[in-house]
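Take a look at the structure below.
The values are calculated or read from the model by the stated rules, or taken from the named source; none is laboratory data. Since we're looking at a predicted model, the values are computed, not measured. Here the Cβ positions follow ideal geometry from the backbone for every residue, glycine too, while neighbour counts run over all protein chains shown.
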Amino acid sequence: MFDYANRRRRLSERMEAEGVDAIFLSPSSDLEYLTGLERQVPNFGEVSYAHDWVTGALLRRQADPVFLFPRMFATYDVPHMPEGEIVVVNETDDGFAAFERVVNGVAGSGKIAIGDRIWGQTVLNLGRVVGFDRLKVGSRIVNELRRVKDADEIAAMRRAIAPVERAMAAVTPLVVPGVSMAELVEAVEHELHRAGSRCPSFTTHMFTGIAAGDFDSGAATAWEPVPDGTSIMFDFGGVVDGYCSDFGRTVYCGDPPAEYREAYEVMLAAYEAGKAAASSGALAREVNAACRRPIEQAGYGEDFRHRMGHGIGMNVHERPFLSVEDETPLEVGMTFTDEPSIMVKGGFNVRIEDIIVCEEGGGRTLNSYPTALVTSS
């Protein structure tokens, strides 16, 4: 499905340009991107095995990767063995000796890059083997490869979008006075799985606002029934073929007042303005500013409390960000969320979220779900 060998060739070119002989990556989106080794679904406490700190792969320039797997990991957590040399470390083996042997056979004499989020024990032992002065952070190198998506990746992201849109359509009729946020979360996640999502791409969140006491699926109010005249915001995503979606809509219980309808149109104008600005060569912060402008002009600037969006792909949040601090020039094929909101504390709340892809003349929406205001009346 994906050309992992070509991805590693591109990595090799980057490594050579930066004087990096090898890069060690633990199971992660970076390693899955480069080899197809599927990540586990995140869980509390993490799965733990003997010698689990060795788990990962060393990637060299112009050579196949070398994988280190604890026996239990290799037996139960690798549905398809990736291409490359595989070293299995048994429970009674000397884990450090096996790790040292592989690293010394691969690492050369130059810099060794490491993933941003590998175990501290792995970093310490790698430093013991090669010297800490040879280590450098390596996820940036891979992230810069992953920022621009090719046609196969865009197709995968569309596949990840499909389950969330099916879930939204199935659950919208449940948004009536008396429903609870927790019930909506259960319904959405059930529909996501039915539609083919491997798991949620992040914690499914239904909420009515950000003030204390608002209805929120992650708070004490999760099971409380909502009254008529309540706007409910949906924020959830799915995962298909290793790629993530991130999606949002707002549904109003009852007949919304004129002020709410007007604010919803302002929010849609911000959504369109941000999308139009997301063209090749534009700075990320400029796109964020374009999205914010209609909301600020309508007097709701302080109620748009977050960035316009974030990069998205194999992680639900990736760099670059469409945010005030990010100076990254956009490139054709970069993918972002477009998620303006107006959240008035103690008042009404509206938001929407889709995925856009940067093109020469502006952003193109990958979603097909309607953006119009939906009510239960």
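Tabulated data for the structure shown
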item: Verdict on V78 being buried (at least 22 other Cβ atoms within 10 Å of the Cβ) and without any contact (Cβ under 8 Å) to a residue 60 or more places away in the chain; result: no
item: Qualifying residue in the range 50-60 (condition: over 20 Å from G242 (Cα atoms) and among the polar types (S, T, N, Q)); result: no
item: Strands (runs of 3 or more DSSP E) fully within the range 163-277 counting 2 or more residues that are of a type in the set (A, V, I, L, M) and touching a strand residue (DSSP E or B) at 6+ places or on another chain (Cβ under 7 Å); result: 230-236
item: Positions within the range 37-71 being surrounded by fewer than 19 Cβ atoms within 10 Å (Cβ to Cβ) and not in a loop (DSSP other than H, G, I, E, B), in sequence order; result: R71
item: Conditions (1) in the same structural domain as A284 (by TED's automatic domain parsing); (2) part of a helix (DSSP H, G or I): number failed by L126; result: (1)
item: Residue match in the range 322-334 (condition: closer than 19 Å to F234 by Cβ, assigned by TED's automatic domain parsing to the domain that holds T208, under 19 Å from the mean Cα position of the chain (by Cα) and modelled with pLDDT of 95 or more); result: no
item: Within the range 227-264, considering residues that are free of Cβ contacts under 8 Å to residues at least 60 places away in the same chain and acidic (D, E), the one nearest to E353 (Cα to Cα); result: E262
item: Any hit, the range 120-133, residues being surrounded by fewer than 15 Cβ atoms within 10 Å (Cβ to Cβ), within 18 Å of S28 (Cα to Cα) and of a type in the set (S, T, N, Q); result: yes
item: Pair list, Cβ < 6 Å and 6+ apart or interchain, from the range 311-339 residues that are under 21 Å from R249 (Cα atoms) to residues that are part of a strand (DSSP E or B) and among the basic types (K, R); result: G311/R319
item: Scan of the range 4-29 for residues that are of a type outside the set (G, A, S) and part of a helix (DSSP H, G or I), ordered by number; result: Y4, N6, R7, R8, R9, R10, L11, E13, R14, M15, E16
item: Lone unmet requirement of (1) surrounded by fewer than 20 Cβ atoms within 10 Å (Cβ to Cβ); (2) in contact (Cβ under 8 Å) with a residue 40 or more places away in the chain for E286; result: (2)
